[in-house]
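The values are calculated or read from the model by the stated rules, or taken from the named source; none is laboratory data. Just so it is clear, the model here is predicted, and its values are computed rather than measured. All Cβ positions, glycine included, derive from the backbone under ideal geometry; neighbour counts span all protein chains shown. Side chains included, ligands, DNA and RNA excluded: accessible areas come from the protein's heavy atoms. Shrake-Rupley method; radii C 1.70, N 1.55, O 1.52, S 1.80 Å.
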Amino acid sequence: MASQLPRAPEERKPDPSQDDEKTMTILEHLQELRNRLIICAVTLVITTILAFYPITTWVLKWMKKPAEDRVENFDLVFTQPLEYWTTFFRVSLLVGLALAMPMILWQFIAYVGPGLTKNEKRWAYPIVIFASVMFVLGCAFAYYIELPPALGFLFSTPGDVADPFISVKAYVDFITRLMLVTGLAFELPLVIMGLAKIGLVTSKRLIGWWRYVIVAVFVIAAIITPSPDPVTQAVVAVPMFVLYILGIVLAKLVESTPLIPRG
């Protein structure tokens, strides 16, 4: 019986299913997240310092202008020693956050981007840009469309019974809150698109709800609009209904082109 020679070990073929990219551990992910958060924090500090003067002063005057156009000799006051400066620092932080937002968004995309598939990236990046644009449009809508008639109503007293004596803190809080709420309301199309993507709603069902939506947008307009007059509420409600229609279009889009291809 012939003796069998030992076989040389076979060379292992590379597994094509393995990814060539380096797989990061949980600790490495946390370290990367920490580094990106540090970059965001440092950027926010720098932009806040840059916004401290004279940008913040200009922003405060810009916030004050709608009231000056509606009320003769309008001026803001402060009744506590630290009231003006705390308001000033708060506005500086908001301006710094707005200036730092491009870097914050870039760090967010750079962190989650490698974990997304090519198809998911095709959706994620436009969504981030679209959400930012819609929020800015909402803030602009609040300032240029909602505020003038609202302040005209709130600061006018029948019979000249009283004159407005508004503190700078109360006025800035009122303006920023209205702009923030309206900016978030302008994200409605993206919310509808997200609900359609996970299957909670469909474009056909959304179209069938249009009567209820008309009532809902007028109720929401009455809540977020400081002025109770119907004209101002209609000015807010009609764009919200248009945003709902845009949400239906986006819902139809994600229904026809799914985010995650089905196998």
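What helices does the chain have that are whole DSSP H segments, at least 30 Å long along their own axis by Cα, and with mean Kyte-Doolittle hydropathy of 0.5 or more? Could the numbers behind the result be given before it?
Values: long enough: 26-52 (39 Å, 1.27); 83-112 (40 Å, 1.27); 118-141 (35 Å, 0.80); 230-256 (39 Å, 1.72).
Qualifying helices, which must be both long enough and hydrophobic enough, are 26-52, 83-112, 118-141, 230-256.
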With +1 at each Lys and Arg Cβ and -1 at each Asp and Glu Cβ, the charge dipole magnitude of the chain around its Cα centre, to the nearest 20 debye, comes out at 840
Rg/Rh over Cα atoms for the range 116-208, Kirkwood Rh, comes to 1.19
When the charge dipole of the chain is computed with +1 on Lys and Arg Cβ and -1 on Asp and Glu Cβ about the Cα centre, the Cα farthest towards its positive end, among Pro54, Tyr244, Phe155, belongs to Tyr244
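Using the structure shown, select from Lys121/Lys204; Lys65/Lys169; Lys118/Lys204 the pairs with a Cα to Cα distance greater than 19 angstrom. Could the numbers behind the result be given before it?
Numbers: Lys121/Lys204 27 Å; Lys65/Lys169 16 Å; Lys118/Lys204 29 Å.
Cα-Cα > 19 Å for Lys121/Lys204; Lys118/Lys204; rest within.
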Of the candidates Pro66, Pro114, Leu33, the farthest towards the positive dipole end of the chain (Lys/Arg Cβ +1, Asp/Glu Cβ -1, centred on the Cα centre) is Pro114
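How big is the Rg/Rh ratio for the range 70-227, C-alpha atoms only, Rh by Kirkwood, two decimals? Numbers along the way, then the final one.
Details: Rg = 20.5 Å, Rh = 19.1 Å.
Over the Cα atoms of the range 70-227, Rg/Rh equals 1.07.
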Sorting Ala98, Leu253, Val231 by the position of each Cα along the dipole of the chain (Lys, Arg +1; Asp, Glu -1; all at Cβ), the one nearest the positive end of that ordering is Leu253
Taking Trp58, Trp209, Trp123 and ranking on accessible area (1.4 Å, protein atoms only), highest first, one gets Trp58, Trp209, Trp123
Probe 1.4 Å, all chains present, heavy atoms only: Ile49 accessible area in Å², nearest 10, is 120
Expected unfolding gain across Ile198-Lys65 under the 0.36 nm per residue rule, minus the alpha-carbon gap, is 43.5 nm
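For Leu33 and Thr157, FRET efficiency with R0 = 45 Å and r from the beta-carbon atoms, rounded to 0.05?
Details: r = 54 Å, r/R0 = 1.19.
So, using R0 = 45 Å, E works out to roughly 0.25.
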Computed, not fitted: 222 nm per-residue ellipticity of the chain from DSSP H runs ≥ 4 (each -39500 (n - 2.57)), nearest 500, equal to -23500 deg cm²/dmol
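Give, rounded to the nearest 20 debye, the magnitude of the charge dipole that the range 41-129 has about its Cα centre when Lys and Arg contribute +1 at Cβ and Asp and Glu contribute -1 at Cβ.
Here the size comes out at about 460 debye.
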For Arg36, the accessible surface traced by a 1.4 Å probe with all protein chains present amounts, in square angstrom to the nearest 10, to 50
